[in-house]
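I have placed the structure first, in the form of structure tokens, so that the comments after it can refer back to it.
The values are calculated or read from the model by the stated rules, or taken from the named source; none is laboratory data. Remember, predicted model here, so these are calculated numbers, not experimental data. Heads up, the Cβs are rebuilt from the backbone with ideal geometry, glycines too, and the neighbour counts pull from every protein chain shown.
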Amino acid sequence: MPLSDAQLSAVLEAKRILANVGLTTETNVDDRDFQEITRVLDGALPSLPAASGYPYFPPAARVFTAEEIRYGLDCINRQTYVHALVEHPAGAIVEYPETGAAKGVAVVHRFRIDPSRFSSPKESFQYSLGDSHGGEPNVHCGSLLFAVHGTPAYCSHEKWTCKGLKYCSASSLPPSPASPDLDSLAEAQKEIFFKTLALYCTLAEKGSPRSLCKGKLVLRVDEYGRSFIQCEHRKKEDKAHLILRTLDEFDIPYLRALLENDVLGIDKHEELARQFGYGPRVPCSFSATPSAQKELCPHWHRQSGKLARGVLERVKGNCPATFDIYTPYNLSDCPYVVVICRNPPLALGTSSH
């Protein structure tokens, strides 16, 4: 009989712990099955906290206090003032830095930098930066960038504007309830859900390279109660058709519902995932620059009852968001980069980038 979600999660966590110390729980496993599972999942799984470490969630911008303003800590130069500050630790990846909530309002982001492995914070931004103009060399950044000996750091100054973005068509899906904090068990269940969905989607999209057969994939159980997937045309005398046996880390009931197009079963699993803020029924935040050649979202979504990749759509209009980037010439003396974000970005429907 299939393992419960809790049992699957425990098995997955135990295997990960054993793998981390160089041990394995696999015995008598057909290497071809393992390689086939690896092939169909390669590149199909999203990055998950349970697998790759928890993502960085930037704090909200802190408004400068009256005392800080009195001492001029909000002043970049005689013409430029900022309204709020966000401090980011070394290694922080920020895709959508907070911008001003109204025209003219500026939020400053100060990024701690590792001088030995410098990468500009803007390389992680998902805004389509372009039309650089008005930058200056050898400038100061007010009280925000000082060298170790206490003098203002000399910086390069770049000015950028946002050219807009292409958004996934699934961005308009109904929002899910406020996502609860997931414990380790729920995170493992989330990983199992995405692995199962990725396996099904990849099989549906690519199938098996072993033949050009268009036979239906079916889920069956062997004499030992172990589930496996095979092409409906596979027989003892014709073994050229697809078979996948190593399914112990997948959600078998959900996989069966997908393969059999069991609407009620699919609804049960995907609606539960939606309640926790993930899965193919939650709004998608993926975006791409207008110049990107991508036409489809890398993630699968269920829209109008159909499971498919979202379509990337360009939002028309001129985005008013601007970005001023100050980078010290000597990062060893001043290991910070400052990014000043002004104006609310171009809205997508009623929400911003």
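Report, by residue number, each residue of the range 116-132 that is in contact with a strand residue (DSSP E or B) (Cβ under 6 Å, 6 or more places away or on another chain) and loosely packed, with under 14 Cβ neighbours inside 10 Å.
Within the range 116-132, D131, S132 meet the criteria.
Hey, could you check the range 158-179 for residues that are in contact with a helix residue (DSSP H, G or I) (Cβ under 8 Å, 6 or more places away or on another chain) and modelled with pLDDT under 75 and say which is farthest from C297 (Cα to Cα)?
Ranking the qualifying residues of the range 158-179, first place goes to P177.
Does the range 286-308 contain any residue that is exposed (fewer than 12 other Cβ atoms within 10 Å of the Cβ), of a type in the set (K, R), in a strand (DSSP E or B) and not assigned by TED's automatic domain parsing to the domain that holds E158?
Scanning the range 286-308, I find at least one residue that is exposed (fewer than 12 other Cβ atoms within 10 Å of the Cβ), of a type in the set (K, R), in a strand (DSSP E or B) and not assigned by TED's automatic domain parsing to the domain that holds E158, so the answer is yes.
Just wondering, is there one or more residues in the range 103-115 that are touching a residue at least 12 places away in the same chain (Cβ under 8 Å), loosely packed, with under 14 Cβ neighbours inside 10 Å and within 17 Å of V82 (Cβ to Cβ)?
Looking for residues that are touching a residue at least 12 places away in the same chain (Cβ under 8 Å), loosely packed, with under 14 Cβ neighbours inside 10 Å and within 17 Å of V82 (Cβ to Cβ), one finds at least one in the range 103-115, hence yes.
Which members of the range 143-157 meet the condition of being at pLDDT 90 or above and among the small types (G, A, S)?
If the condition is that a residue be at pLDDT 90 or above and among the small types (G, A, S), then A153, S156 are the ones that fit.
Pick out the one residue from V311, V337, V282 that is among the aliphatic types (A, V, I, L, M), modelled with pLDDT of 90 or more and within 18 Å of E95 (Cα to Cα).
Within the list V311, V337, V282, the selection yields V337.
For the range 234-255: of the residues being surrounded by 19 or more Cβ atoms within 10 Å (Cβ to Cβ) and assigned to a helix (DSSP H, G or I), which is modelled with the highest pLDDT?
The residue in question is Y254.
Within the range 213-233, restricting attention to residues that are buried (at least 16 other Cβ atoms within 10 Å of the Cβ) and under 10 Å from R245 (Cβ atoms), which residue is nearest to the chain's Cα centre (by Cα)?
My answer is I229.
Can you name the residue in the range 316-334 that is over 20 Å from Y167 (Cα atoms) and under 25 Å from the mean Cα position of the chain (by Cα) and, of all such residues, is modelled with the highest pLDDT?
I325
If I ask for residues that are among the β-branched types (V, I, T), within 25 Å of R70 (Cβ to Cβ) and in contact (Cβ under 8 Å) with a residue 40 or more places away in the chain, which ones from the range 116-155 would you list?
Within the range 116-155, V139 is the sole residue that qualifies.
Okay, residues lined up against (1) among the acidic types (D, E); (2) at pLDDT below 90; (3) in a loop (DSSP other than H, G, I, E, B):
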| residue | (1), (2), (3) |
| --- | --- |
| F57 | no, yes, yes |
| I69 | no, no, no |
| N77 | no, yes, yes |
| V86 | no, no, no |
| A90 | no, no, yes |
| Y96 | no, yes, yes |
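What pairs come out if I take residues in the range 292-306 that are within 22 Å of D267 (Cβ to Cβ) and pair them with residues that are at pLDDT below 90 and exposed (fewer than 11 other Cβ atoms within 10 Å of the Cβ) whose C-beta lies under 6 Å away, six or more apart or interchain?
Here the result reads none, with nothing in the range 292-306 linked to a residue that is at pLDDT below 90 and exposed (fewer than 11 other Cβ atoms within 10 Å of the Cβ).
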